[in-house]
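For reference, the structure is listed below as structure tokens.
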Amino acid sequence: MKLIGSNTSPYVRKARLVLLEKHIPHTYVIDPPSEPNSQVTRFNPLGRIPALILDDGTCVFDSAVIAEYADTLNDTPILIPRHDALARMRVKRWEALADGIMDSAVVVRMERIRPAEKQEQANIDLHYGTVTRALAHAAEQLGQREWCEGDSISLGDLALTSALVYLNLRQAERDWRGAHPNLGAWFDRMSKRPSVKAALPE
Ligand SMILES: N[C@@H](CCC(=O)N[C@@H](CS)C(=O)NCC(=O)O)C(=O)O
């Protein structure tokens, strides 16, 4: 299978982390949709990345569907609990929280790269504030635990890691570690994983 993505996209990073953690063989192809010759719309009608192309040509999107599909391919590890409905919901909720951080951080990024006179400060403030609130919630929920959910790594950990990597990249001024030292310590542990090292933006 082939994962189409870019090194800056947090959604792509989430999908890559899932494939890498589960040691699922794949080729990683960099093809940002913003490039004029991008082929992404040939596969994904939404023109977005990540897009996972299976060997028979099936295109899997978006990142949540890719994560769920990939997780069923093997049990090493299981990243989304299969039988415990509440644990499964909590993992998917961590993913939703992390995706929401990514969504708002992407809005802020898109505003900031517009010409200064066209930037909407109210939109920046709204989404910057959403990230601030979501980070506080994540830190509070995480507490001193080693993992977002249960006693092993889950999709929640990978999604949150990806969101934080994106904040480090695009909101470098944000001192989220200072505000939430427990999140910083957890992130430092996650950052030592070979998957996270392999999927960092260049
Ligand atoms: N909800 C989607 C979001 C994907 C997304 O918005 N990807 C961005 C890159 S960060 C993209 O492809 N943007 C190009 C576009 O929308 O034209 C997911 O989780 O995969």
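Limited to the range 7-25, what total is found for residues that are open to solvent by less than 10 Å² (accessible area, probe 1.4 Å) and more than 12 Å from the chain's Cα centre (by Cα)? Qualifying residue count for the region: 2.
Residues in the range 27-62 that are acidic (Asp, Glu), within 14 Å of the ligand (Cβ to nearest atom) and under 19 Å from THR72 (Cα atoms): ASP62 alone. Answer yes or no as to whether ILE24 is in a loop (DSSP other than H, G, I, E, B) and either out of contact with any Lys or Arg (no Cβ under 8 Å at 6 or more places or on another chain) or near the ligand (Cβ under 9 Å from one of its atoms) (or both). So ILE24 passes the test.
Does ALA67 meet the test of being over 25 Å from MET110 (Cα atoms) and near the ligand (Cβ under 10 Å from one of its atoms)? Break it down into steps so the answer makes sense when it comes.
Numbers: over 25 Å from MET110 (Cα atoms): yes; near the ligand (Cβ under 10 Å from one of its atoms): yes.
Yes: the conditions hold for ALA67.
Hey, could you check the range 52-79 for residues that are part of a helix (DSSP H, G or I) and of a type in the set (A, V, I, L, M, F, W, C) and say which is surrounded by the most Cβ atoms within 10 Å (Cβ to Cβ)? Reasoning before the result, please.
Step one: of the range 52-79, the residues part of a helix (DSSP H, G or I) are 63-71.
Restricting the remaining residues to those that are of a type in the set (A, V, I, L, M, F, W, C) gives 64-67, 70.
On the way: ALA64: 17, VAL65: 13, ILE66: 23, ALA67: 27, ALA70: 23.
Step by step, filter the range 52-79, then rank; the result is ALA67.
Scanning for something near the ligand (Cβ under 10 Å from one of its atoms), basic (Lys, Arg), under 29 Å from SER152 (Cβ atoms) and touching a residue at least 40 places away in the same chain (Cβ under 8 Å), does the range 7-18 turn up at least one residue? Yes: one or more hits.
I'd like the full set of residues that are touching a strand residue (DSSP E or B) at 6+ places or on another chain (Cβ under 8 Å) and in a loop (DSSP other than H, G, I, E, B), limited to the range 40-51. Correct list: ASN44, ILE49, PRO50. Every listed requirement among (1) surrounded by fewer than 16 Cβ atoms within 10 Å (Cβ to Cβ); (2) touching a Pro at 6+ places or on another chain (Cβ under 7 Å); (3) not aliphatic (A, V, I, L, M) is met by PRO32 save one, (2).
Quick one: is PRO45 surrounded by fewer than 20 Cβ atoms within 10 Å (Cβ to Cβ), farther than 19 Å from VAL165 by Cα and either more than 14 Å from the chain's Cα centre (by Cα) or of a type outside the set (Ser, Thr, Tyr) (or both)? Yes: the conditions hold for PRO45.
The values are calculated or read from the model by the stated rules, or taken from the named source; none is laboratory data. These figures come from a predicted structure and were not determined experimentally. We place every Cβ from the backbone using ideal geometry, glycine too, and count neighbours over all the protein chains shown. Surface areas here come from the heavy atoms of the whole protein model, side chains and all, with no ligands, DNA or RNA. Shrake-Rupley method; radii C 1.70, N 1.55, O 1.52, S 1.80 Å.
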